[in-house]
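See below for the structure under consideration.
Any read-out appearing in this document is the output of simple, stated calculations on the displayed coordinates, not a laboratory observation. Just so it is clear, the structure is predicted and the values come from calculations on it, not from any experiment. No Cβ is skipped: glycine too gets one built from the backbone with ideal geometry, and neighbour counts run over all protein chains shown.
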Amino acid sequence: MSIAAAGKDADSILSGPLTARRTIQEVVYQRLSYALMTGQFDPGATLTISYLSELFGTSHMPVREALRRLTAENALETTTTGSSRVPLVTRARLDDICEARVVVERAAVERSIGNIDPPLLRALEHALADHIAAGIEGRIPIMLQKNQEFHFIIYRASGATALVQLIEALGADGNLLCAIASTSRQTLRHLFFSASVA
């Protein structure tokens, strides 16, 4: 399945956050990484250089480099034809990623606790409210983005750049909610509403 056939919103892919002033290569890499972390591509989707170049309005080189980096991080895989593909999600892969994420995310949260000040608390409340509203409205990609935004406010408050980078890499390699959302929107809605009622 190609990215175009995956039925994802191009605006969502182009609107991911940037951490600072970056080269075009870095912008493309960050946008693609963010799109993977927030479930903008279905598992098994083929990402073509020509489509992504057109989407980002760049030459092939920055896209090719971003795909290479994401493949090296195991966020993408290379097919027998040399194309880049979003990995299929298996139970074993999810278990492995989730175990690793528990370790690094716990470490980041523990370091963040003393750094959550009133402005950060307001940002967390805003992200949570947006997350809940998107879930109620059935806007699953926005719900996932707001979930990620909420968590990364906490992780970045740790001041631990290496931990945040590890979390980003693990997120790009397979966000559990994104995998569920890609395979069953109804299952995700059920999980969201069960969790919000409990």
**Study point:** FRET efficiency for Thr48 and Ala100, using Cβ-Cβ distance with R0 set to 30 Å, rounded to 0.05
**Key:** 0.50
Practice item. Multiply the residue separation of Ala92 and Ala123 by 0.36 nm, subtract the distance between their alpha-carbon atoms, and state the gained length in nm to one decimal. Key: 7.7 nm
Revision key, fill the gap. For 81-91, 135-145, 34-44, ranked highest to lowest by mean beta-carbon neighbours within 10 Å, the order is 34-44, 135-145, 81-91
Check your understanding: So if R0 is 22 Å, what FRET efficiency would Ala162 and Ile113 give, r being the distance between their Cβ atoms, rounded to the nearest 0.05?
Key -> 0.75
